[in-house]
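This report concerns only the one structure given below.
What follows draws every value from the coordinates through simple rules; no lab data is involved. Since the structure is predicted, the reported quantities are computational estimates derived from the model, not experimental observations. Here Cβ is always computed from backbone atoms with ideal geometry, including for glycine, and neighbour counts include all displayed protein chains.
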Amino acid sequence: MDSIDLKILALLQKDATLSIAAIGEQVGLSQTPCWKRIQRLEADGVIDRRVAVLDPVKLGLGLTVFVSIETADHSKDWLERFADRISAMPEVLEFYRMAGDVDYMLRVVVADMAAYDTFYKNLIATLPLKNVTSRFAMEKVKSTTALPLPVPPPRGRSEPRLAVVGE
């Protein structure tokens, strides 16, 4: 992956609806080589998918909850069953297996406290859990889907640094 690929990725992270011509113009390529690079980045799995980012509040999903889960069972079988059940819950946007004092962390988005209570009851009915702790977001201070991309080091410097969007 070279600096042109990274520039293309930065542009697509900011606005995936840009035309190939617009992207090519901004990175110094004609349409065909630009499109071939994007196709390669998709084939290599660097570009996972292109989606529309929706506003949860405008969709009536104004409550974000971070749910910490502890379990007494750490077997592979239990994790597979738990992961299948949690992954099937549409309210769960992110699901992580953690290191530290909790075993799993979920980011859940629901309409309100009543909707969360319904979700919680479904969650605790999935499999035996040792402890479930819910933390309610009061305000979203920052939210982005853009990953910090490395930029090639300047000549004479050996370590890459992170790109700043708009550089």
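In what sequence, highest mean first, do 16-24, 69-77 appear when ranked by Cβ atoms within 10 angstrom?
On the way: 16-24: 14.6, 69-77: 12.2.
The peptides rank, most packed first, as 16-24, 69-77.
With equal scatterers on the alpha carbons only and no solvent term, can you work out the Debye log10 of I(q)/I(0) for the chain at 0.11, 0.16 1/Å? Treating every Cα as an identical point scatterer, log10 I(q)/I(0) equals -0.68, -1.00.
What is segment 54-150 by shape, rounded, prolate or oblate, if you read a ≥ b ≥ c off the alpha carbon gyration tensor as root eigenvalues and call it rounded for a/c under 1.5, prolate for a/b larger than b/c, and oblate otherwise? Walk me through the numbers on the way to the answer.
Working: a/c = 1.94, a/b = 1.33, b/c = 1.46.
Oblate, since a/c reaches 1.5 and b/c is not below a/b.
Based on DSSP H runs of at least 4 residues, each adding -39500 (n - 2.57), what is the mean residue ellipticity at 222 nm of the chain after dividing by all its residues, to the nearest 500 deg cm²/dmol?
Values: 5 runs with 57 residues, N = 167.
Computed mean residue ellipticity for the chain: -10500 deg cm²/dmol.
Sequence-distant contacts, meaning Cα pairs under 8 Å at least 6 residues apart, place the relative contact order of the chain at 25 percent.
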